[in-house]
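Below is one structure, written out as structure tokens, with a few remarks after it.
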Amino acid sequence: MRFFLDTNILIFLWTKKVDELSNDITSLLKDYSNTLLTSSVCVAELIHLCQIGKVSSRKSEYKSPEDVKRWLQDAGITIVYITELNLDTYARLPMHADHRDPMDRLIIAQAISDRIPLVSSDHKFRLYESDGLAFVFNQR
């Protein structure tokens with residue numbers, strides 16, 4: 001099965017804070033029959049967080065923002081780029097009062113339009129299940 005990994009899941013993997021992942025998510029990630037994907041939006045967010053020093057990966061060979069793409073490739077996580085269909089879905093996606101983050105909403109729109117379950121620790125993503133989001137919650 002295919003799964004989109006949200007930025008927070010990438011951060012836990014990048015920083016080797018796997019204790020932040022539930023047993024279910026750890027099993028999902030270790031199941032080689034699953035295809036792991038992430039949005040180009042998540043990649044941009046991770047690079048940005050590395051650039052401003054908010055996250056670092058001192059525990060591995062991957063240390064700089066320039067290493068993010070190579071790390072994803074080595075980890076077997078494929079980057080999926082935003083398409084016109086994703087933007088069309090984004091434009092139609094309802095604005096929930098509790099959740100207005102434009103990058104999160106674009107990631108959600110991409111998961112909805114590409115029909116790929118989205119794995120995240122962000123409980124606000126549940127707001128979009130009625131809009132077609134297949135959501136896999138990482139209960140920490």
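Points to keep in mind about this one:
- Helical content alone sets the calculated 222 nm signal of the chain at -12000 deg cm²/dmol, taking -39,500 (n - 2.57) per DSSP H segment of four or more residues and averaging over every residue.
- For the pair the stretch 1-40 / the stretch 60-134, the C-alpha centres are spaced 13 Å from each other.
- For the stretch 21-84: span of alpha carbons on each principal axis (Å, largest first): 37, 34, 20
- 1.4 Å probe accessible area per residue over the chain, in Å²: 55
- Just so you know, the Cα atoms of the stretch 85-140 work out to an Rg and Dmax of 10.3, 33 Å.
- Pairs of Lys in the chain closer than 13 Å at Cα, counting only those 8 or more apart or on different chains: 4
- Normalised Debye scattering of the stretch 64-110 at q = 0.17, 0.19, 0.25 Å⁻¹ gives log10 I(q)/I(0) of -0.64, -0.72, -0.86, counting only Cα atoms as equal scatterers and leaving out solvent.
- Expressed as a whole percent, the accessible surface of the stretch 65-140 that belongs to carbon and sulfur atoms is 50, based on a 1.4 Å probe.
The values are calculated or read from the model by the stated rules, or taken from the named source; none is laboratory data. All values derive from a computational prediction rather than experimental measurement. We work out accessible area using only protein heavy atoms, side chains counted, and drop any ligands, DNA or RNA first. Shrake-Rupley method; radii C 1.70, N 1.55, O 1.52, S 1.80 Å.
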